[in-house]
Structure formats: C-alpha cells, structure tokens
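Here is the structure we will look at, set down as structure tokens.
The values are calculated or read from the model by the stated rules, or taken from the named source; none is laboratory data. Here the structure is a predicted model, which means the values were calculated and not measured. In this analysis, Cβ positions are derived from the backbone assuming ideal geometry, glycine residues included, and neighbour counts consider all displayed protein chains.
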Amino acid sequence: MHSIFWFRTRQWVLSRVLHLTEHKKQTLLAAPDAVLLLPALFRKRRISRILLVTTPGFVRRGTLTSLLDGCKKENISVTIFSEIAPDPQIESVEQGFRLYQQIQAQAILAIGGGSVLDAAKLIGARVCCPKKTVPAMRGLLKVRRKLPPLFAVPTTAGTGSEATAAAVITDCIDGKPYKYAVNDLCLIPDTAVLDPRLTISLPSSMTADTGMDALTHAIEGYTTKAAWEMTDMFHLKAIEIISKSLRGAVANTKEGREGMALGQYIAGMGFSNVGLGIAHSMAHTLGAVYDTPHGVACAMMLPIVMEYNADCTGEKYREIARAMGVEGVDQMDQATYRKAAVDAVRKLSEDVGIPSKLEALKEEDLPFLAESAHADACAPGNPKDASVEDLTALFRKLM
Ligand code: NAD
C-alpha cells in the first residue's frame, strides 16, 4: 500500500516537473539524412573531440562513413567505441567512461538502438559523477548533475530512449542478471536526431518487435493512472502514427520508416512523463525468464491487458480505436468500441508476424512469473490494480 502511494505521488510530481522542463530542453533534428547535419552542429557548439558510442554492425556496414567524413572536414576528432551489446551491462558503461576520459572527449554521440542510447546516457552520467557507481544511480533522481553534451541517434524505432529520462542497464545481483532503470531528468539527451534512413538495415522481424514496443508505450501511457491532457495528446498522436506506419516499416517503405521514427519518439515524450502498466511488467518478466524479445512480449501481453483494463478506462478505448483507423466509432456502444480497440491491436500484431501464444510458457512457472510482474516498477501505474492471482490468470492466456 505504502509503495503504491509513493509511486502515485512520485508520478504526480514527475508529471508536473517534467512537463515544465523536458520539452524545452531538447534540440530535435528529424529528416532523412539528418545525421549529416551533426558535424556543422558540433562546430557551432565548439565541440572538437567526440566519443562515438555504437555497435560493431554500424561500423562494419559502413553506414557512418559520410558522417565521419563530415566530421573530418570540420576537424572534429571522433573516437569510436563499439562494444555495446543488446541489453548492455555495466562493464560496457565503465569501458566507455574510461575511454571518454582517456581521449578527453567533450561530447558523446550515440548511434544505435535503445541499448546503445542507454549505455551512452550512463557513460555521460559516470563522466559527471565519476565517484558514483552505476548501481548507486539506480532509481529516481540520483545523478543530479549536468551530463556532457549528448547527441542521441536512434536506429531502431521502438524505445523512444532519445526522448526519455531513463536508462536501462543489466547488472548482476546474487549471480543473476537483473535489469533496472536509472531515471533522472539530466539523462534526457540535449539533441535527438531522427534519421529514418538509419533504420532501413533493421531486419523486418526486429522492426515489428520494436514497433510493437512503441505501440505498447503509447497505449499504456495513454491509459496509465498518471495520464493527463498533455500526455494524452502525445500518446494519441503516437498511436495514430504507429498504427499507420508499422506495416509499411516492416515492408521497409520510406513512409513506414519515417512514420515509425517519429511515432516512437512521440510515444517516448509521452510515457517518460507518466510511466506504463502491467503489459510492460509482464513483458519484463517474460524477457528475464524466457529471453522473449521485449517487443514480442509486449505485443503478446498488450491485447490481453487491454481486455483486463477496459472497465477502468472510461472513453479512452473509443479514442484508441479511432486513432487506429477503426471506422464508425462514434456510433458504437461501449462494449463494441472497447472490443474494436483490442481487435485493432491484435490485427496489427498479427499482420506484422507476431504470435499470440508463448510456447515456452509452463504452468509451473506461473507463480514466479506473476510474483515478479507484481513487483515490477511499472505495475502500480496500471489503470486497474492487479493482484498476483490476476496476473497469473493473464499469463495463462498466453498458453
Ligand atoms: P537494441 O538496441 O538492443 O538493438 C537490438 C539489435 O538490433 C542489436 O543487435 C543492434 O545491434 C541491432 N540494430 C539496431 N539498429 C539496427 C539497424 N538499424 N540495423 C541493423 N541492426 C540494428 O534494441 P532496442 O529495442 O532499440 O533497445 C532495447 C533496449 O532499450 C533494452 O535494454 C530496453 O530495456 C531499453 N529500453 C530503454 C528505454 C528508455 O526509455 N531508455 C525504453 C524502452 C526500452
């Protein structure tokens, strides 16, 4: 009870503090090839030594050649750190931090998926707090210092990390890998670059998974307890853009890639203010136990959780259905538009090739899964409270 009260108070305070500060703070470059504008921006900001955080794939594919040439022309020295694996570990952050100090960098440029962006945020946090370890930053508002300039360029269209105040890291606690978030306003990158061309190389299955993660951010953010008018505006727009764009992005169309780059960013702007719900809690648990890709787990849980939450969402499913392109929603009664919203989510997930059942799920794992999801940081934000028994019943629907 105490933790739910604390969470709600925190969400309320955050929703008011963040909306004053978050959206004034960030420079946004959004266009095909926007990444090529960066060398001139670095020069304008008198930055001449940069740590580029990325993955080996981006170096190998040569995607960054034009950007690196542009930096060379502007006499900007770029040191590449490409040791970031998916679900990054603290050791990668420490390596990046040491390299940043060694080269006396003045800024961090992060080009990659959420894993790279989050690792770069934490490298920045270590730079401004060299005496504080990453575990000591876990939780809320533990960094509290200005990071070096951070330029975030997402290459997946899902996490919205370039817009959020969070960085997710994998630690090892009692010999077991454990994921947690560091949340602080100073982690919001000062520049975000949405360059949809960088997402073209993302395989279609990963495009589908990460895109459904973004849709889950938008729908859970829209219906979470802390939602309010301003975040509703972001989330509804994100639902509309993602629903229109995801099928195209999976087919690698220009419009689809552009739409997803923008839609997932807008979802990030929204949920960063108000948190998420139990679809995310349950997806975190499935990821930890079965290695289910996060977006797949979100996509499987989302319609099931929407059905569970429906009676605590007022008219919101009418707006979700409308944003997802369902026709005639104004003529529908409550039960019909609620079903239409859930059906639209199921159809999108099916169209992009995500299964609705999880074969790996075993009856004997249900107690642990439900307990873990119940303890997850996203659970208290869910519009309808869910007990361990409720969560068990929801997990069972995946079988
Ligand atoms: P990811 O960054 O882990 O990347 C997945 C894989 O795709 C990697 O192998 C990567 O090298 C590859 N990849 C990325 N872009 C590519 C491209 N354009 N072409 C080819 N391959 C590419 O995936 P993600 O879903 O973007 O990020 C997941 C991480 O983000 C998780 O750790 C998750 O917990 C975290 N997350 C953070 C936030 C936040 O607000 N900070 C929000 C949600 C999730």
Quiz item: Right, residue 314: within 20 Å of residue 238 (Cβ to Cβ), of a type in the set (Gly, Ala, Ser) and loosely packed, with under 13 Cβ neighbours inside 10 Å or not?
Solution: yes
Exercise. Check region 109-123 and report whether any residue there is assigned to a loop (DSSP other than H, G, I, E, B) and either acidic (Asp, Glu) or touching a residue at least 60 places away in the same chain (Cβ under 8 Å) (or both).
Key: yes
Quiz item: Can you name the condition, by its number, that residue 219 falls short on among (1) within 17 Å of residue 354 (Cα to Cα); (2) within 15 Å of the ligand (Cβ to nearest atom); (3) surrounded by 22 or more Cβ atoms within 10 Å (Cβ to Cβ)?
Solution: (1)
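For the condition over 23 Å from the mean Cα position of the chain (by Cα) and of a type in the set (Val, Ile, Thr), what is the one hit in 305, 326, 345?
Numbers: 305 fails: over 23 Å from the mean Cα position of the chain (by Cα); 345 fails: over 23 Å from the mean Cα position of the chain (by Cα).
Going through 305, 326, 345 in turn, just one is over 23 Å from the mean Cα position of the chain (by Cα) and of a type in the set (Val, Ile, Thr): 326.
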Quiz item: What are the residues in region 344-363 that are outside any loop (DSSP other than H, G, I, E, B) and either among the β-branched types (Val, Ile, Thr) or free of Cβ contacts under 8 Å to residues at least 40 places away in the same chain (or both), if any?
Solution: 345, 347, 350, 363
Quiz item: Restricting attention to region 244-259, does a residue exist that is in contact (Cβ under 8 Å) with a residue 40 or more places away in the chain, more than 14 Å from the ligand (Cβ to nearest atom), outside any helix (DSSP H, G or I) and surrounded by fewer than 18 Cβ atoms within 10 Å (Cβ to Cβ)?
Solution: yes
Quiz item: Name the pairs whose Cβ atoms lie under 7 Å apart, with the first residue in region 27-46 and at pLDDT 95 or above, the second of a type outside the set (A, V, I, L, M, F, W, C) and loosely packed, with under 15 Cβ neighbours inside 10 Å, and 6 or more positions between them or separate chains?
Solution: 36/66; 39/73
Self-check item: Residues within region 266-293 that are farther than 20 Å from residue 386 by Cβ and either at pLDDT 95 or above or buried (at least 24 other Cβ atoms within 10 Å of the Cβ) (or both), tallied
Solution: 7
Quiz item: Using beta carbons and a limit of 9 Å, which pairs, at least six apart or on different chains, have the first residue in region 151-167 and crowded, with 24+ Cβ neighbours inside 10 Å and at pLDDT 95 or above and the second one of a type in the set (Asp, Glu) and assigned to a loop (DSSP other than H, G, I, E, B)?
Solution: 151/190; 152/190; 153/195; 154/195; 155/195; 167/184
Practice problem: Collect the residues in region 329-357 that are over 19 Å from residue 396 (Cα atoms) and among the hydrophobic types (A, V, I, L, M, F, W, C), keeping them in residue-number order. | Solution: 329, 332, 335, 340, 341, 344, 345, 348, 352
Practice problem: Would you confirm whether any residue within region 270-281 is over 16 Å from the mean Cα position of the chain (by Cα), in a helix (DSSP H, G or I) and at negative phi? | Solution: no
Exercise. Scan (1) farther than 23 Å from residue 295 by Cβ; (2) assigned to a helix (DSSP H, G or I) for the single condition residue 385 breaks and write down its number.
Key: (2)
Quiz item: Within the group 208, 227, which residue is surrounded by 21 or more Cβ atoms within 10 Å (Cβ to Cβ), within 14 Å of the ligand (Cβ to nearest atom) and on the phi < 0 side of the Ramachandran plot?
Solution: 208
Exercise. Only one of these is at positive phi and within 8 Å of the ligand (Cβ to nearest atom): 160, 175, 139. Name it.
Key: 160
Exercise. Filter region 88-108 down to residues that are assigned to a loop (DSSP other than H, G, I, E, B) and surrounded by 16 or more Cβ atoms within 10 Å (Cβ to Cβ) and give me whichever is nearest to the ligand (Cβ to nearest atom).
Key: 88
